[in-house]
Each structure stands twice: as C-alpha cells, then as structure tokens.
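Inspection log for the structure reproduced underneath, given as structure tokens.
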Amino acid sequence: MATTRDARGNLCLGGVRLQTLADDPAIGTPTYVYDLSAIALEARELRESFEGAPHLVAFAVKANSAGPVVRVLAREGCGADVVSGSELALALACGISPDHVVYSGVAKTDDELDRAIFAGPRGIGAVQVESVEEIPRVDARAASAGRVARVAVRVNPGVDLAELGTHAYIATGHDEAKFGVALDDMSLALSALRAARHTELVGLGMHVGSQLTSITPYVDASRTLFRLTAEVRAEQGKRLAFVDTGGGFGIDYGEGACVRPGDFVRAVRALQRAAGLDDLALHVDPGRSLVAANGVLLARVVQSKVSRFQKGAAPLQWLLIDAGMNDLLRPALYRARHRVVPLGPDAGPPSNWRVVGPVCESSDDFGIHMLPDSPPAAIAILDAGAYGYTMASSYNGRALPAEVFIEGGRVVDRRARGSVESWILERTSGDSRATKRS
Ligand SMILES: Cc1ncc(COP(=O)(O)O)c(C=O)c1O
C-alpha cells in the first residue's frame, strides 16, 4: 500500500490528493492512478539486491502495459518479459533493447515468432520455448529469416501445487499446468535443439507462479532449475548466458507483511553460487511486485442499498460503485481481495459495506469492507497497479477506465476514459445495417 493521508485525512498517492483527481471533470472515475517515482524506486531496490552481479530484471509487461510505466522501468535499466507479439512491440517502442526482451508463451504464432526473430540486429534476447514441439517451429522461422534465434527453454519444475500457496489460476510450475517443458521431456528438448541449426540455446528458465508469499517454493524450484542447468552445461558444453528464475514475488494486499523481492533474489543467488553457475547472468521477471502497490483504482459511489430479510437475519448494506469487474477483474477471476478505503477523511462510526460494481454478474463483487456508516462519496481500491487495466474490458458496454500518472509529486501524463460513442462506433463499424441507417 503506497497511499498516505495528508494532514486533513485525504488519501494521497505520490503526494497528489486523489479526491482532486476524482473531482476533476477531465479525469473523474473510474480511474487508475499510478506513482511512477515509487515504481522506479521499487525497480532500483530490486536491482541493488544483485550487488553488482550480472543480472536482468525483465518486467512482466502483462502486469501493466501503460507506456509511462514501461518507459520509466526501461530508464531504470529493466528489460521486458513479454507474452505476445503486441507486448513485444510495445516494449521495443518504450525503449527497451531487443537484447533485454524475453518472450514466453505456449502458443506463439508464426507472425509473433517473426517479430521476435527480426527485432534488432540479432533478434530478441531469448524466445523462451515452452514445448519440444515449438523448437522446430522457431528453427524454421529463423531459417527463413536467414538468422539464428536465441532460445531459452522454460522448464516446468513440477512443484507441488499446494506448496506454491497461491491461487490455482496463477500457479504455473506444477505438473498439471500447460506451461513449460516437463522435466522428463528435457532430453527430448535438448535433442530437438541440437537438430535446430538456426537456434542457439542461451539459457534455461522457469516461472512457477504468481503472488508467492513464501520464498520456499521459489527456492526449491530454483534448486531444480540450477541442477538441470549445470547438467546441460556439463553434458552439452553449451555456452549458456543466463538462468532465469522467473517472477512471482508476492505483495501485501492487506493480509500482513510479505517477503520483499530482494529476499527472493538473495536466496537464489546463494544457490546459484553453490551450483557453480555464478558466471551466468541471473534473470528475474517480476510484474506485480514492481507496480501493484503503486497504483489505485478510484471509483465513485453511485448509491447505497439495504437488503432487509425476513426471519430476523441482519440487513445487508451494499455500496454500489461505478467501477466493476470490467475495470478490475482480479476479485471475480481469482477471488482476490483488495482493500477499499474512502478518498476523504474517515468520518463517523464504521459499518460493514459490501462493495459491488455495476456489471450484470454476481461475481462483480469487491467484498465486505469497514467503511463509514454514512457512505463516502468516492473510494479507492488499493494495490491495483498490476493486472488491473491490462485485464480491463468493455463488458456490458462499459468504457475502459482512465489512467493518470504521477511523478515527483505531480501529474505528468494521463489517458482519457473510453466513451459510449467510441464503444458504439467500435461495435457497429463494418456493420452494413448500421451504416445504411446512419
Ligand atoms: C512467464 C511469466 N513471467 C513473469 C510473470 C510475472 O509474474 P508476477 O507478476 O507475479 O511477478 C508472469 C505472470 O504470470 C508470467 O506468466
């Protein structure tokens, strides 16, 4: 949680009073607000935890693809972990060197592979293959481009799902997950790579899951990855450049203190040294931990509602807000809980409010929160800087939210909210009946 309260009790992010943004007719609600200075600081702190050892912090663009966010991380020396051709193009457009881009994904299309292979003078830093079958496909695309593609193998270390301690939908490094090459298939992958004359194996990587709040599963999986990497080096004499332990560093969504990203790095660096792999660059691919706490979603309370029940059950108080699952999907998708707080000073005695959005789905529900009994006019949903806007949709015909970027205590950039008119245009253009009518 990066928000603070000023002397009058108003909620602020990066030194800017959030009520002022919500009240500004050019901004309004629902709006995401991000603190770029705090994001830069987070990246700097993580990079310092490598203590000068060769490394790459490849920001997982899927967490937040806003240009100002990716640009500020590029300025801090971060690379990018991308999962689509569009994210790849965006990372390059934001100033990240192709050498510092790693591309994961189980079903990269030929067009997407071509984008990766043609980027810069040597293609991107690594196309991270996720199956044995992908290797000849990458080889064929590289051959037709007359290039040699740098390739890493994403290993699925087969961590026990329960040990990961995270929601099943964001656990990726277990036997049932579609991601990565299973440990038992690694010898097949290495044979396929030997036959693939237009690829060069430059690294081994993994990403076991997201929102990890304990170091243990990450360290256990890294041990497996390092053992495998040492074996590949010994058997193949391959000149590997890096080993990539992935992202997944959790943040504190309000449940209590959380392990810092630097703690994960320090723990795996010790293992890396013990495995004799100190000469390889260590890559990590964090998304959430760099941005989540440094973003909030502002919403206005449209109205309240009380459901009174017969048979003496306590009435239910609903707070109906103008942001919904179309703006912030995490609660509906993973039952994620975000703290909800008033923008103004805490006023009067608190009571339990069930905060829900306008979308016509029961899962459009941000949970029960203690808020002033006399409902606030506007609220902030905290820790919304990751997997917020990037998962937003126009479901129910709702406009995509606005975005505001703060740096050095002032607003430096913003993106306007979508409009009803642009939604209608988008949904009806190319529709001959609508064209005839207009
Ligand atoms: C391949 C890959 N790398 C990195 C990440 C970033 O994870 P996180 O945001 O938890 O750090 C993800 C997220 O799921 C991912 O799929």
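Laboratory data are not the source of any read-out in this text; all were calculated from the coordinates shown. What you are looking at is a predicted structure, and each value in this text was computed from that prediction instead of being measured. All Cβ positions, even for glycine, are placed from backbone atoms using ideal geometry, and neighbour counts span all protein chains on display.
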(request) For residue 305, list the aspartates and glutamates whose Cα falls under 15 Å from its own Cα; do not include residues on the same chain fewer than 8 positions away. (result) 322, 365, 373
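Taking a temperature of 25 °C and a viscosity of 0.890 mPa s, what whole-number D in µm²/s does Stokes-Einstein yield for segment 341-385 with Rh from Kirkwood over alpha carbon pairs?
On the way: Rh = 11.5 Å.
The diffusion coefficient I find is 214 µm²/s.
Can you tell me the FRET efficiency between residue 223 and residue 351 if r is taken as the Cβ-Cβ distance and R0 is 60 Å, rounded to the nearest 0.05?
On the way: r = 49 Å, r/R0 = 0.82.
It comes out at approximately 0.75.
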(message) Based on DSSP loop calls and a cut-off of at most 16 other Cβ atoms within 10 Å, the longest stretch of the chain free of exposed GluC sites (Glu not before Pro) is what?
(response) 256-360
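Order these by the 10 Å Cβ neighbour count, fewest first: 139, 383.
Values: 139 20, 383 26.
Fewest-to-most Cβ neighbours within 10 Å comes out as 139, 383.
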(request) Determine the percent antiparallel among the DSSP beta bridges restricted to the chain, to the nearest 5. (result) 45
(message) Give the separation of the Cα centroids, segment 53-72 to segment 104-145, in Å.
(response) 21
(request) Please check which bits of segment 238-277 a label hung off residue 194 would reach, taking the label as a point 7 Å along Cα-to-C-beta and the cut-off as backbone N under 16 Å. (result) 238-239
(message) Just want the answer: with Cβ charges of +1 for Lys and Arg and -1 for Asp and Glu, which residue in 187, 27, 243 is farthest toward the dipole's positive end in the chain?
(response) 27
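Send over the Kirkwood Rh of the chain, from the inverse of the averaged 1/r over different Cα pairs, rounded to one decimal Å.
Working: mean 1/r = 0.0431 Å⁻¹.
Result for the chain stands at 23.2 Å.
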(message) Tell me which of 420, 12, 324 sits at the most positive position along the dipole axis of the chain, charges placed on C-beta atoms (Lys, Arg +1; Asp, Glu -1).
(response) 420
